[in-house]
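Take a look at the structure set out below.
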Amino acid sequence: MVLIHIISIYYPHNIDFVVIVYYGRDFMPAEEYSDKLKSLKTKSKKSSRIPPKQLRIALVLVVSVIVVFEVYNIYFTAKNREVEELTYNKEVAIDTIDKLFFEYPNDPQKISYIIQVQQSSNKNDISKILSEVRDYLQIKRYKALAVDQIKSMYGEYYRSSLKANELERKINDAKTTSEVDTLFKQANVEEEIKEILERSLQRTIGSGDNYFYVKMAGQSYFMTKENVLDITKSMGIMQLKEFTITPVSNLNKLTVTVSSKQCGKMPLSGDSVLIYNKNTPESPMGYAIIDSSYVILPNIGYSEERAVSNKITDDDVSSNLETTSSISYSLNNLPGVLHATAADKLDIATVNEKFGRYGEKLNKISENTQIFDENVKYMLIIAVPSESVSAIVSQKSEDLYIVKAAGGN
């Protein structure tokens, strides 16, 4: 039996040597073995030798493949990172849009912006979209504030005003805050609202009633039509909006007599007053309008003394002469003067000239001189709502106090 073992040996320069080793009992002759070994080495040399040019080409190809692979690997890794970063930026942008639209969750523009973000291809596009979102919401909030302000100004008249509704439509179509400001200014909202309020007031006043309950600035008053018209002339929008009037159709006229200490200055026709009982001063018994007022006078007595000084010269000698003159007069039975005038016994023009508006003159002189006659009495004819009559007539005259109401003449 012959055992053959082939051994391959690698040497530099790409030369492989193959050694065949025979094991066994049968050995070939040395010469034959030597010849075969030489033949095998020669074949090995021929088959393993690579030309230098081909070797360089092979090396270049190998290096190129390695380089291309590395470049591709780097590009692919960077591309993956870019895609991951873009995906993350999109998620953050969509979350931001959700938060920015928290006041307007059903706004269709929100969905539009989210779709734009999902379709964006780079970070800059996403930033532009978010910037558009912020601009859109800024003008949206500004327009909402403007519309709310208009609604507040018009109040209950908002729905019935064609001008207000048209202004709201224009504001909602506006593209910038400055455009909203211009629309608001051109509309002259305050002027129209004032006209609406004044027309509403005129309709109430024109109901035919002459007396009204009035509420303004949290206070209640009782006024004549003239008082109401007078006081509303100088009112602004906010005052007119808070100003409410209720006609009082059923009025009764009562006569009360009070001293000047119970009412101070004489109240005049048209004045709005509150009537109090001195024993219950915490709240008035009711409102009243002065229909007419009179001064109750007894006989009028008047006296006057006047000192007169005269200088006398006689023979170059001068001397002073002083004298005192006294004047006094009285008007007895003054009511009789009125009756005589009414009976054409006295000239009515003269009496009117001397005594006309006596109460007003007395008030003015007392105010200017700060001299008050507490003994003067007034007879007042007052117009009061029906519900206040029984409370007032049940009181003693001396217990009543007349207080001029705020807002009256």
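The values are calculated or read from the model by the stated rules, or taken from the named source; none is laboratory data. From a predicted model like this one, the values you see are computed outputs, not experimental measurements. All Cβ positions, glycine included, derive from the backbone under ideal geometry; neighbour counts span all protein chains shown. Quick note on the areas: whole protein, heavy atoms, side chains included, nothing else; ligands and nucleic acids left out. Shrake-Rupley method; radii C 1.70, N 1.55, O 1.52, S 1.80 Å.
Overview of results
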item: Ordering of 125-135, 341-351 by burial proxy (mean other Cβ atoms within 10 Å per residue, highest first); result: 125-135, 341-351
item: Listed peptides 235-242, 276-283 by packing density, highest first (mean Cβ within 10 Å); result: 235-242, 276-283
item: Cα gyration tensor shape of the stretch 190-248, rounded if a/c is under 1.5, else prolate or oblate by comparing a/b with b/c; result: oblate
item: Sequence-distant residues sharing a close amide H with Ser269 (under 5 Å, placed H); result: Ser293
item: Percent carbon-and-sulfur accessible area, the stretch 99-187, ignoring ligands, DNA and RNA, probe 1.4 Å; result: 51 percent
item: Accessible area in square angstrom per residue, the stretch 212-256, 1.4 angstrom probe; result: 56 Å²
item: Placed amide H near Lys404: partners under 5 Å, 5+ positions off or other chain; result: Leu274
